[in-house]
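Below is one structure; the comments refer to it alone.
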Amino acid sequence: MPKPNSQSKFLDVAVPTPLRQSFQYRSINDDSALKPGCRVRVPFGKQRLNGILLGFSHQPATDESKIRSILEIIDDQPIISGVLFKLCIWASSYYHHPIGEVFSTAIPALLRKGHPSKAANLCLTLTKAGQKTPCGSLNRAPRQKELLQRLQQKITLGKEELIAAGIKTPAINALTGKGLAEWQEQARKPVEFKTVIRDYQNITPNQEQQSAISSISSPRTYLLHGITGSGKTEVYLRKIEDVLEKGKQVLVLVPEIGLTPQTLRRFTDRFAVTVEVIHSGLTDLERLSAWRNAADGSAQVVIGTRSAVFTPMLNPGLLVVDEEHDSSFKQQDGFRYSARDIAVMRGQLEKIPVILGSATPSLESLYNCKLDKYKLITLPERTGGAKNETYQLINLRHKELNNGFSDELLTAIRTELDSGNQALIFINRRGFAPVLYCSDCQWIATCHHCDARMTYHLAERKLMCHHCGTITPLTTTCAQCQSQQLVPLGLGTQRVEETLSSIFPGYPVHRIDRDSTRRKGSLQKFLTELGTAQPMLLVGTQILAKGHHFPDVTLVAILDIDTGFYSADYRSLEKTGQLILQVGGRSGRESKAGKVIIQTQFSDQPILRQLIKEGYTSFASTILGDRQANQLPPFCFHCLIRAESPQKKIAMDFLEDIARGSGPGNSVELLGPVAPTMEKRKGKYRAQLLFSSQSRNMLHKAVAVKILVAEKSKLSKRVRWSIDVDPIDLF
Ligand code: ADP
Ligand code: ZN
Ligand code: ZN
């Protein structure tokens, strides 16, 4: 029987397209069970796509005769519901991003393709005929007889039980073929667990940790600011324990690179519960399985990188974002969301606590503490009597250098090696040298696709563009004057490795960067070797700065952070300070005292001195003061419209059109359009238009108006354009 009113009921569906709208469809026969969050298959132009039902409306949005019917209802239960559903809707509106693409980010690829959302947990079940059949009738097929006997005793047998009992497929097929047994899907029951703790590893929280643990209770956002080695993880673990004891689940977000087996092990060593890990290295099936286990409550702890913030949980109790300042939480293309900010919003909607942790919190988060939006908790000392590392500046001005090293630094390195210690040399640039230069005519090797120089890679005998990946053979003659006088200028990890090997021939030198760790497991192998506590030298990029534990490193040398002091990006000072402390924090983490030496042209910079003398909190408050004086975030809000096009000027013209149209209102300032420092990148010319306002509300309204202008612009077909709300990278 047709439902009353079914004629005028339309389905609003989020379809995975880059269009900022939902689409209306007609229902098909039986949709009485259809709920928002269920997948439906819909015709879309000539394609067939899987969309997500947003809701129902009674008014057609367009000509009613043009509204098509859905093809199929995929789910009988929503795959995304409650808080997560609301969270996606919120994120779509906050980031001005098409709702269909937001859902695509939020759900695993296989669900986008239509896979079932629940694991088919197949059990072999006795049929009515099987119940009545005497086992003796199978005397001539002993394996079938044995299986029937078992089934008559247990009624159903799961796959694992069948395997454990040594029952093979032919016997099963024979019984199902005779109609004595059949496969049935069974709802999976959450695994019951009795004890949460596996082992405390003899750790008893110290007084500071104890007070941090007890100040985290009511559902709100906490910022745990603890220097490296102060035992933040122990605070997380204790709070997680409380939550698990109550039978609830925990989601822990870590930066892309921080998710090492070491991190995972700290959780599995502590807890006797199911821990799922979600990161970019999983296969689609692994990801789906982790998603299912979180959704049905059978995984108690989920550790994941950025997009894991959307993992459904049956019964969430706590969210943790470790290294909350890390830029990898911000997606830098497509749907440009901040997983940290979405986690905070999710915590509010779920009414559960959120812990943001860092040794070097972002200025946004510190400012939110000042505003009392977040609660600040500090751990100012290292645990277990380990001393805080000491910092020393080496002034590079007017100094002779040996391949980038001052004599003082080389002496300091020698002292550590001779005392049996390890030293870590940080240089945030891979390759041999960032510039290949002709000393006869001043020609420099540049990339044809970017406004950038080619990096000289000696180990691979190639020139490489680090922005677009272009690789060219190493040339020995100048492209302009054919001279042979080509010189590599500047430092990269390979050059530092080579220099150190020749100065300290008796000690192993290991280079750790994206090139040397490309092969799976190579970083792990290296970390194991490091654990042997032999004196050695480590040369590396940012990879070294994040989360790893180097117990025998007593000296960290930072070779080149100076660009941080004169970059056009107003965030570069904050980032540089964070990097110095994060890298420096690798030194002296156990019984040995640690030392950090920074070589710089800026040794008299007050802000650098403040950082190393007074610590991150004073450093951050000075920068916050500057930001306030200059009315920069977090004292105002930013949104960028970026555009790019293969032809010069088109992106700029497009943004000029948008800037011209009706004004954004006087509380929103429009800056630009301007070309970023590197105008051409990957063969595209880029331009950007910045919106700035003290009022988030006004900012969003202005952006929404300009998006409509952009969508109507004649040039919109000739450019690729995108919205970046709260951009972290302005140049
Ligand atoms: P953070 O994350 O703040 O850098 P970690 O949580 O990694 O610090 O702790 C640093 C080291 O100190 C780890 O090896 C950890 O096991 C140990 N640790 C933490 N808390 C204590 C404690 N209360 N007593 C002894 N050791 C501790
Ligand atoms: Zn030349
Ligand atoms: Zn390039």
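The values are calculated or read from the model by the stated rules, or taken from the named source; none is laboratory data. All figures in this text were calculated on a predicted structure; none of them were measured in a lab. Because the Cβ atoms are built from the backbone with ideal geometry, glycine has one as well, and the counts that use them run over all protein chains shown. Areas reflect the complete protein model, heavy atoms only, side chains present, ligands, DNA and RNA absent. Shrake-Rupley method; radii C 1.70, N 1.55, O 1.52, S 1.80 Å.
What the table below lists for this structure:
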read-out: Per-residue HN-Hα couplings for the range 35-47 [Karplus 6.51, -1.76, 1.60; θ = phi - 60°; Hz; x = Gly/Pro]; value: 10, x, x, 7, 7, 10, 8, 10, x, 9, x, 8, 9
read-out: Heavy-atom accessible area per residue - the range 646-724, 1.4 Å, Å²; value: 54 Å²
read-out: Crossing angle, helix 232-245 versus the chain [Cα axis fit, 0-90 degrees, rounded to tens]; value: 10 degrees
read-out: For the chain: Kirkwood Rh in Å [reciprocal of mean 1/r, alpha carbons]; value: 29.4 Å
read-out: Net length gained if the chain between Asp451 and Thr477 were fully extended (0.36 nm per residue, minus Cα distance); value: 7.2 nm
read-out: Surface share of carbon and sulfur [accessible, 1.4 angstrom probe, percent] for the chain; value: 50 percent
read-out: With all protein chains modelled, accessible area of Trp183 [1.4 Å, Å²]; value: 100 Å²
read-out: Solvent accessible area, Å² - Met652, 1.4 Å probe, full protein context; value: 40 Å²
read-out: Compactness of the range 239-297 as Cα Rg over 2.2 N^0.38 Å, two decimals; value: 1.16
read-out: Where the range 478-626 is the region considered: accessible area per residue in Å², 1.4 Å probe; value: 42 Å²
read-out: Dimensionless Rg ratio for the range 1-93, taking C-alpha atoms and the 2.2 N^0.38 Å reference; value: 1.04
read-out: Accessible surface ranking that places the most exposed of His279, His398, His449, His225 first, with a 1.4 angstrom probe; value: His398, His449, His279, His225
read-out: Probe 1.4 Å - accessible area at Ile352, Å² to nearest ten; value: 10 Å²
read-out: For the range 401-406, Karplus couplings with θ = phi - 60° (6.51, -1.76, 1.60), whole Hz, Gly/Pro x; value: 10, 9, 6, x, 10, 7
read-out: Calculated FRET efficiency for the pair Gln484/Lys613, C-beta based, R₀ 51 Å, to 0.05; value: 0.55
read-out: Set of lysines with alpha-carbon distance to Lys66 below 17 Å, sequence-local pairs under 8 removed; value: Lys9, Lys46
read-out: ³J(HN,Hα) computed for each position of the range 461-472 - Karplus, 6.51 cos²θ - 1.76 cosθ + 1.60, integer Hz, glycine/proline x; value: 6, 9, 9, 9, 9, 7, 9, 10, x, 4, 10, 10
read-out: Prolate/oblate/rounded call for the range 177-298, Cα gyration tensor, a/c under 1.5 rounded; value: prolate
read-out: Accessible area in the full protein assembly, largest first, 1.4 Å probe, for Phe271, Phe637; value: Phe637, Phe271
read-out: Distance in nm between pseudo-label sites at Ala568 and Gln262 (7 Å out along the Cβ direction from Cα); value: 3.8 nm
read-out: Equivalent ellipsoid dimensions for the range 415-499 as semi-axes, Å, which come from the Cα gyration tensor, largest first; value: 29, 15, 10
read-out: Share of alpha-carbon pairs per 5 Å distance bin for the range 262-329, given as whole %; value: 3, 16, 27, 27, 20, 7, 0
read-out: DSSP bridge pairs, the chain: antiparallel proportion in percent, nearest 5; value: 55 percent
read-out: The range 511-538 residues near the modelled Gln201 label - backbone nitrogen below 16 Å, point 7 Å along Cα→Cβ; value: 528, 531
read-out: Dimensions (Å) - the range 620-731, Cα atoms, principal axes, largest first; value: 43, 30, 16
read-out: Heavy-atom accessible area per residue - the range 197-304, 1.4 Å, Å²; value: 40 Å²
read-out: Gain on full stretching of the segment that runs from Gln131 to Lys66 - 0.36 nm per residue minus C-alpha separation; value: 17.9 nm
read-out: Amide hydrogen neighbours beyond the local backbone of Val596, cut-off 5 Å, H modeled; value: Thr390, Tyr391, Gln392, Val556
read-out: Cα extents of the range 514-644 along the three principal axes, largest first (Å); value: 51, 41, 24
read-out: The range 73-164 - convex hull of the alpha-carbon atoms, volume per residue in Å³; value: 157 Å³
read-out: 19 Å Cα-Cα reach of Lys232 towards lysines, excluding residues that sit fewer than 8 places from it in its own chain; value: Lys375, Lys387, Lys546
read-out: Whole-angstrom gap from the range 114-164 to the range 369-419, using each part's C-alpha centre; value: 66 Å
read-out: Structure-based [θ]222 nm, the chain - -39500 (n - 2.57) summed over DSSP H runs of at least 4, per residue, nearest 500; value: -9000 deg cm²/dmol
read-out: Rounded Å value of the spacing that divides the Cα centres of the range 293-337 and the range 518-543; value: 28 Å
read-out: Linear extension gain, Gln631 paired with Asn139, 0.36 nm per residue minus alpha-carbon span; value: 168.4 nm
read-out: Cα centroid separation - the range 13-75 against the range 562-615, whole Å; value: 54 Å
read-out: Over 21 Å between alpha carbons, listed pairs Lys118/Lys168; Lys373/Lys575; Lys86/Lys351; value: Lys118/Lys168; Lys373/Lys575
read-out: Rounded if a/c under 1.5, otherwise prolate or oblate - the range 122-174, Cα gyration tensor axes; value: oblate
read-out: Cut-off under 5 Å, modelled amide H: who pairs with Gly226 long-range; value: Ser358, Ala359, Leu379
read-out: Rounded, prolate or oblate (a/c below 1.5 giving rounded, otherwise prolate when a/b exceeds b/c) for the range 334-460 by Cα gyration tensor; value: oblate
read-out: Amide hydrogen neighbours beyond the local backbone of Arg430, cut-off 5 Å, H modeled; value: Thr493
read-out: Lysines whose Cα lies under 18 Å from that of Lys370, excluding same-chain neighbours fewer than 8 positions away; value: none
